[in-house]
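These notes concern the structure reproduced below.
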Amino acid sequence: QVQLMESGGGSVQTGGSLRLSCTASGAVNTHCMGWFRQAPNSEREGVAVIDNFGGRTTYGDFVKARFAISKENAKNALYLQMTRLSPEDTAMYYCAAGPRTYIRSEGGWVCSLHNQNEWNYWGQGTQVTVSS
C-alpha cells in the first residue's frame with residue numbers, strides 16, 4: 001500500500017524560500033504526482049503536477065514561475081522548490097498521487113490540477129506560513 005509523507009514546511013518572511021519534500025513508501029504506479037494546498041476557510045487548490053511518464057509539468061496560475069516541481073526516482077521522492085513566497089502562499093501543502101484525466105484540447109490524457117477528487121493517495125500535509 002502506498003503511503004506519502006511530506007516534510008520541509010515552516011515559517012518564512014515575505015520573499016523567502018522553502019523546499020518541500022514528499023517521500024513515498026511502496027510502489028507508486030500512478031501516472032501523476034503533485035502538490036495541492038489549502039488555506040483556512042478556502043478550498044483546496046492545485047499547485048503543481050508532474051507526469052511520471054514523460055515528466056510534463058503543470059503549475060497553477062498563481063505560481064508565476066516562482067515554484068518548481070521535480071522528482072528523484074531513486075529515492076521515491078517528490079519536491080517543490082518555492083521562492084519569492086508571499087503571505088498568500090500560507091497554507092497546508094499536500095503531496096498526492098493519482099491518475100491522468102482526458103482533456104482533448106490539451107492532447108488527450110494529461111496530469112491535471114483540476115481532477116483532485118480522483119487522486120488516490122494523499123500525505124498528511126506540511127504547514128507553510130509566510131509572514132509580512
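The values are calculated or read from the model by the stated rules, or taken from the named source; none is laboratory data. Because the structure is a prediction, the values reported are computed rather than measured. A quick note on method: Cβ atoms are made from the backbone with ideal geometry, for glycine too, and the neighbour counts reach across all protein chains shown. Heavy atoms of the whole protein, side chains included, go into the accessibility calculation; ligands, DNA and RNA do not. Shrake-Rupley method; radii C 1.70, N 1.55, O 1.52, S 1.80 Å.
Assorted remarks:
- Which listed residue is of a type in the set (Ser, Thr, Tyr), without any contact (Cβ under 8 Å) to a residue 40 or more places away in the chain and either more than 19 Å from Gly9 (Cβ to Cβ) or open to solvent by less than 20 Å² (accessible area, probe 1.4 Å) (or both), from Tyr102, Tyr93: Tyr102
- Which numbered condition Thr58 fails, given (1) at pLDDT 95 or above; (2) open to solvent by 80 Å² or more (accessible area, probe 1.4 Å): (2)
The rows are residues; the columns are (1) part of a loop (DSSP other than H, G, I, E, B); (2) of a type in the set (Phe, Trp, Tyr); (3) within 14 Å of Cys95 (Cβ to Cβ); (4) open to solvent by 50 Å² or more (accessible area, probe 1.4 Å).
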position	(1), (2), (3), (4)
Glu6	no, no, yes, no
Ala27	yes, no, no, yes
Val47	no, no, yes, no
Ala65	yes, no, no, yes
Tyr79	no, yes, yes, no
Arg84	yes, no, no, yes
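- Selection status of Ser21, assigned to a strand (DSSP E or B), surrounded by fewer than 17 Cβ atoms within 10 Å (Cβ to Cβ) and of a type in the set (Ser, Thr, Tyr): no
- All conditions in (1) closer than 15 Å to Gly123 by Cα; (2) aliphatic (A, V, I, L, M); (3) open to solvent by 30 Å² or more (accessible area, probe 1.4 Å) hold for Ala74, with the sole exception of (1).
- Total residues in the stretch 8-18, condition part of a loop (DSSP other than H, G, I, E, B) and either hydrophobic (A, V, I, L, M, F, W, C) or over 16 Å from the mean Cα position of the chain (by Cα) (or both): 3
- Residue list for the stretch 86-130, filter: assigned to a helix (DSSP H, G or I) and either out of contact with any Lys or Arg (no Cβ under 9 Å at 6 or more places or on another chain) or more than 17 Å from Ala48 (Cβ to Cβ) (or both): Pro87, Glu88, Arg104, Ser105, Glu106, Asn117, Glu118
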